[in-house]
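These notes are about the structure you will find just below.
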Amino acid sequence: ATSNLTGWKYIDSEFASQQFQFNGEHQFRVAPSGTADDAITWIQALTIANSGNVGINTSSPSRVLSAKSSSVTVANFESTSATAGFISFSDSNTTNDVTVRAGAVGDNLVLQAGGTESSLSEKQDLKLISTVPMPKFCAS
């Protein structure tokens, strides 16, 4: 890629990428393959904001990790474990990182709180174990 007063242009008929720092931010931009001398339309692929927030496909991440996608599935977290894959949730009072988790065991959704698991298979009702009144959930 090359830049002049009219903007960024492709040098070759190839993909383009750019990484730069500005105002304490790190920005990683990409562009699909283009034709030599054509203008480049950048896509903001990754931003590390000066607040420390990280944005995937967004230039202004509002949380520690923000991801934006036009796809119905925004993210996929895949474990290489043969038994399960979980995401842990904790705050400053959580005793360890496996106390509150959500994940998959095969094709079943598994929710875990306080070390107790509740599993949800296709077409089953979701039952939550909680000492706090919870709203009803509908699983389809």
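The values are calculated or read from the model by the stated rules, or taken from the named source; none is laboratory data. Bear in mind that the values here come from a model prediction, so they are computed numbers and not experimental data. Glycine also receives a Cβ, built like all others from the backbone with ideal geometry; neighbour counts cover every protein chain displayed. All accessible areas refer to the heavy atoms of the entire protein, side chains included, with ligands and DNA or RNA removed. Shrake-Rupley method; radii C 1.70, N 1.55, O 1.52, S 1.80 Å.
Of all the listed residues (THR95, THR83), the sole one being surrounded by fewer than 13 Cβ atoms within 10 Å (Cβ to Cβ), touching a residue at least 12 places away in the same chain (Cβ under 8 Å) and over 30 Å from GLN44 (Cα atoms) is THR83. Checking every residue in the stretch 56-77 against the condition of being open to solvent by less than 70 Å² (accessible area, probe 1.4 Å) and touching a Pro at 6+ places or on another chain (Cβ under 6 Å) gives zero matches. Among all residues of the stretch 24-47, there is none that is part of a loop (DSSP other than H, G, I, E, B), at pLDDT 95 or above and either closer than 26 Å to VAL105 by Cβ or of a type outside the set (Asp, Glu) (or both).
Filter the stretch 1-19 down to residues that are open to solvent by 60 Å² or more (accessible area, probe 1.4 Å) and within 27 Å of ALA75 (Cα to Cα), then give me how many there are. Qualifying residue count for the region: 3. For beta carbons closer than 9 Å, sequence separation of 6+ or different chains, a first residue in the stretch 63-80 that is on the phi > 0 side of the Ramachandran plot and modelled with pLDDT of 95 or more and a second that is of a type in the set (Gly, Ala, Ser) and not in a loop (DSSP other than H, G, I, E, B), there are no qualifying pairs.
The single condition among (1) modelled with pLDDT of 90 or more; (2) open to solvent by less than 50 Å² (accessible area, probe 1.4 Å); (3) farther than 26 Å from GLN27 by Cα that LEU111 does not satisfy is (1).
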